[in-house]
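The values are calculated or read from the model by the stated rules, or taken from the named source; none is laboratory data. Quick caveat: nothing in here was measured; it's all calculated off a predicted structure. Note: ideal-geometry Cβ built from the backbone for every residue, glycine included; neighbour counts use all protein chains shown. In case anyone asks, the SASA skips ligands and DNA or RNA and just uses the protein heavy atoms, side chains included. Shrake-Rupley method; radii C 1.70, N 1.55, O 1.52, S 1.80 Å.
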Amino acid sequence: MKRLVRVSTTLGVAILTIAMGSAPLAAPAASASSTGGGTFSVGELEPPSFVPGENEGAALDELNALFAQLTKFNAQDKLTYVQAQSVTSSDGATVWTIKIKPGWTFQDGEPVTAQSYINAWNATAYGPNAWPDSQNLSDIVGYPALNPAKGKPTTKVLSGLTAVNSTTIRVHLIHADSQFPLELSTTSFLPLPNAYFANPTAWGSVPVGDGAYEVVGKWEPNRSLTVKRYPGYKGPAPHAEEIVFEIYTNTETAFTAL
């Protein structure tokens, strides 16, 4: 087993690795032609949540394993499509059309649809939820209605979002934004399955996403989260067969364990 301890600080990220054996450390992203294999562990601090909009970037490694972004920067720092098939605008970057690739599923078998994204974005933007990533959706038409200066919102949905069909999302922005495709690479714009909305507590014990890895067993707070390759993943096959996210109370404890 290989061990990777990643310690995040306010000054940056320090990565120390110990590889037992002659094989190189397998990273959790690779071409589909690479079979890879094996297990490695990652040292993490306790995440507040695995709900994308509620996470505030505190569990990026776990979210990147469990979920697939619409767009993503590759190793050459070029924006590429992951679950998106295309992201286009024909009116000067105010109205965007996102087409998602058909046939993708969450790890519980539920199809990933345009509504999966819209439901998640509505929940993130809804003021009373007080999710930290809410502000990242503030440019979508209808956001002020979900976050009134006084009183409670009279709606729970962003009026600027429309599911044209099961694989097409229409997004109306308050202001033109040519960088919108880049913003879709962030965790604020990930989808959520119906299982989350049916029972958030149960989902929190076994988070279900649409990414390359699925949860093994249950999330053990203050201990660990183990994930393995999701065989139904439609994107590029990851190298490692299994990843163990080991939770530490602070960076000093993680270094000691390393």
>> Out of the strands (runs of 3 or more DSSP E) lying entirely within region 53-123, which hold 1 or more residues that are within 30 Å of Ser41 (Cα to Cα)?
In response: 71-73, 79-81, 84-89
> Does region 127-139 contain any residue that is touching a Lys or Arg at 6+ places or on another chain (Cβ under 9 Å), crowded, with 16+ Cβ neighbours inside 10 Å and either modelled with pLDDT under 95 or within 24 Å of Ala59 (Cα to Cα) (or both)?
Replying inline: yes
> Hey, does region 238-249 have a residue that's touching a helix residue (DSSP H, G or I) at 6+ places or on another chain (Cβ under 9 Å) and either within 16 Å of Ser116 (Cβ to Cβ) or among the hydroxyl-bearing types (Ser, Thr, Tyr) (or both)?
Replying inline: yes
> Among all residue pairs at least 6 apart or on different chains, which show Cβ distances below 6 Å where the first residue, located in region 30-57, is open to solvent by less than 40 Å² (accessible area, probe 1.4 Å) and the second is among the β-branched types (Val, Ile, Thr) and at pLDDT 85 or above?
Replying inline: Ser41/Val244; Glu44/Ile247; Pro52/Thr187; Gly53/Thr124
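Rundown of residues vs (1) assigned to a loop (DSSP other than H, G, I, E, B); (2) free of Cβ contacts under 8 Å to residues at least 24 places away in the same chain, yes/no style:
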residue	(1), (2)
Ser134	no, no
Ala145	no, yes
Ala149	yes, yes
Thr154	yes, yes
Ser159	yes, yes
Ile169	no, no
His172	no, no
His175	yes, no
Ser178	yes, no
>> I'm checking my understanding of the structure. Among residues of region 114-126 that are touching a Ser or Thr at 6+ places or on another chain (Cβ under 7 Å) and either among the aliphatic types (A, V, I, L, M) or open to solvent by 10 Å² or more (accessible area, probe 1.4 Å) (or both), which one is farthest from Asp177 (Cα to Cα)?
In response: Ala114
> Just one of the numbered conditions (1) among the hydrophobic types (A, V, I, L, M, F, W, C); (2) closer than 14 Å to Leu66 by Cβ; (3) open to solvent by less than 50 Å² (accessible area, probe 1.4 Å) is not true of Phe189; which one?
Replying inline: (2)
>> I'd like the residue in region 230-258 that is among the small types (Gly, Ala, Ser) and part of a loop (DSSP other than H, G, I, E, B) and, out of all such residues, is modelled with the lowest pLDDT.
In response: Ala237
